[in-house]
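Engineer: Can you keep this structure in mind? I'll have questions shortly.
What follows draws every value from the coordinates through simple rules; no lab data is involved. Everything numeric in this text was worked out from a predicted model, so none of it was measured.
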Amino acid sequence: LGVQNQQETAAVSGKAHSLAGLVVALDPGHGGYDGGARCRDSGVWEKELNLSVARQVEKALVSRGARVVMTRAADVDLCTDDRPATLTKKRQDMQNRVAIARNGQADMVISVHMNEYRARSESGPQVFYREGCDGGRLLAGCLQESLIASLQPRRERAAMAGDYFILQLDVPSVLVECGFIS
């Protein structure tokens, strides 16, 4: 019985640190001047939900031994341009997010977002990866499958290739639309 308890303790301990040595860049999408989508009923901005979800994911990853690099930890944008919102400002924000992941030597990048659509009948998560990046495709597929498995009722979707700036890194990178705020 003592040996069995030691084996169970070792298994639990191993699981608790199963991500030891892994560096994950978490990117709560939008922030600051860029609110993203807005929930029609509550008025909550996507940027708020993205940050809340990313903080919970950060805790889960850290508890399993990963080191997490957050692109933002507050309601801020990542650009120095203080002019009103422009395409240049958005590009600077996105370039800084990529730079944070690179400088943090991330092994993977997860960008957290919420989806929006005109029809309220749309629901469920959608995960995107960069076309031609096998590691990103595998990560996206695992995340998509895991997110769908916990939904009631299930909304079947497959991970898809997407053309998002944050996915340009040379490490597995995904953009996760956690659900629809519409």
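Engineer: In a GNM of the chain with a 10 Å cut-off on Cα contacts, which of Arg91, Arg120, Arg102 has the highest mean-square fluctuation?
Structural biologist: Arg120
Engineer: Looking at the square roots a ≥ b ≥ c of the eigenvalues of the Cα gyration tensor of region 72-144, which shape do they give, rounded for a/c under 1.5, prolate if a/b is larger than b/c, or oblate? Walk me through the numbers on the way to the answer.
Structural biologist: Working: a/c = 2.26, a/b = 1.21, b/c = 1.86.
Oblate, since a/c reaches 1.5 and b/c is not below a/b.
Engineer: Pop out the ³J(HN,Hα) list for region 126-139 in order, Karplus 6.51 cos²θ - 1.76 cosθ + 1.60 with θ = phi - 60°, rounded to Hz; leave Gly and Pro as x.
Structural biologist: For region 126-139, the Karplus curve yields 9, 10, 10, 9, 7, 3, x, 9, 4, x, x, 4, 5, 4 Hz.
Engineer: What number, rounded to the nearest 500 deg cm²/dmol, is the helix-based mean residue ellipticity at 222 nm of the chain, given -39500 (n - 2.57) per DSSP H run of at least four residues and division by all its residues? It would help to have the intermediate numbers written out before the result.
Structural biologist: On the way: 4 runs with 66 residues, N = 182.
Here the helix-only value at 222 nm equals -12000 deg cm²/dmol.
Engineer: For the chain, please report how many Lys pairs fall under 22 Å Cα to Cα, leaving out neighbours fewer than 8 apart on the same chain. Spell out each step's value before the answer.
Structural biologist: On the way: Lys15/Lys59; Lys47/Lys59; Lys47/Lys89; Lys47/Lys90.
Pairs that pass both the separation and distance tests number 4.
Engineer: Sticking with this structure for a sec: Starting from the alpha-carbon convex hull of region 45-182, give the projected area averaged over all orientations, in nm². Kindly include the intermediate steps, with their values, before the conclusion.
Structural biologist: On the way: hull surface 36.4 nm².
Mean orientational projected area (region 45-182, Cα hull): 9.1 nm².
Engineer: Under 5 Å between amide H atoms, partner at least 5 residues away or on a different chain: which partners does Ala66 have, H built in plane at 1.01 Å?
Structural biologist: The answer is Leu19.
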